[in-house]
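See structure below.
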Amino acid sequence: MEKLTDGHIVDWNDNTVMKRLFERFYLPLRSFAFRHVGDDSITEDFVQTAFLNLWERRENFRLVSAGKGFLYLNVRNACLNYLKRKRVEARHEQELAREMSEQESVDAALEEEVTALVYEALKELSEQARRIVLQTMEGASNAEIAERLEISVNTVKTLKLRAYRILRERLKGVQWLLFLHLLLD
């Protein structure tokens, strides 16, 4: 079987032509693509697609050099499109990371402000009511709090109810701040 050179006229009726073109250009095209993209599996896809495109348009190519040029152009364009997509993705990832970082800063600042306001309001409660609310915030049940403070469960409930009324009154503005924050999220 004669080696195909750039000046040869391609006889598409010859069943071995495509195989011979593949054998001649597959590795150089993979190497060409790999230099641009740096990923073997992606370059393999680009080269295979280029050969498929050549086969679909084979009637347009009479010289090996024309087919060769078509293959390299296909692979080059695939590489350029891939790299463009990667740059766009990277830019979007950076923008998203920056936005998330900004949002996290806002969230953290808001959380700190709310926490400070809550603890400020807790200072206005009696010592017993403050302990009850703090233990409730830590997840303790009324029975656990009553046992720890050596008081009845009903006393815990009563003091908690009074404390919540005071806190609700003192933290009216915080509710709107939290609501506004939820709307902006």
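Observations, loosely collected:
- Here each label is just a point 7 Å from Cα along the line to Cβ, and for residue 62 and residue 88 those points are 3.9 nm apart.
- Ranked from largest to smallest solvent-accessible area, with a 1.4 Å probe on the protein heavy atoms, 57, 168, 35 come out as 35, 168, 57.
- Within the accessible area of region 107-163 (1.4 Å probe), percent carbon and sulfur: 50 percent
- Potential lengthening between residue 140 and residue 98 on full extension [0.36 nm per residue; Cα-Cα distance subtracted]: 11.2 nm
- Set of lysines near residue 172 by C-alpha distance (under 21 Å), chain-local residues within fewer than 8 positions excluded: 123, 160
- Per residue, the solvent-accessible area of region 7-87 (1.4 Å probe, heavy atoms of protein chains only, all protein chains present) comes to 61 Å².
- FRET efficiency, 1/(1 + (r/R0)^6) with R0 45 Å, evaluated for residue 117 and residue 42 via beta carbons: 0.25
- Under 5 Å from the amide H of residue 63 lie the amide H atoms of 10, each residue being 5 or more positions distant or on a separate chain, with H modelled from the backbone and absent for Pro and chain starts.
The values are calculated or read from the model by the stated rules, or taken from the named source; none is laboratory data. Since the structure is predicted, the reported quantities are computational estimates derived from the model, not experimental observations. Cβ sites come from the backbone with ideal geometry, for glycine too, and all protein chains shown count toward neighbours. Each accessible area value is taken on the protein alone, full model and side chains, heavy atoms only, with ligands, DNA and RNA left out. Shrake-Rupley method; radii C 1.70, N 1.55, O 1.52, S 1.80 Å.
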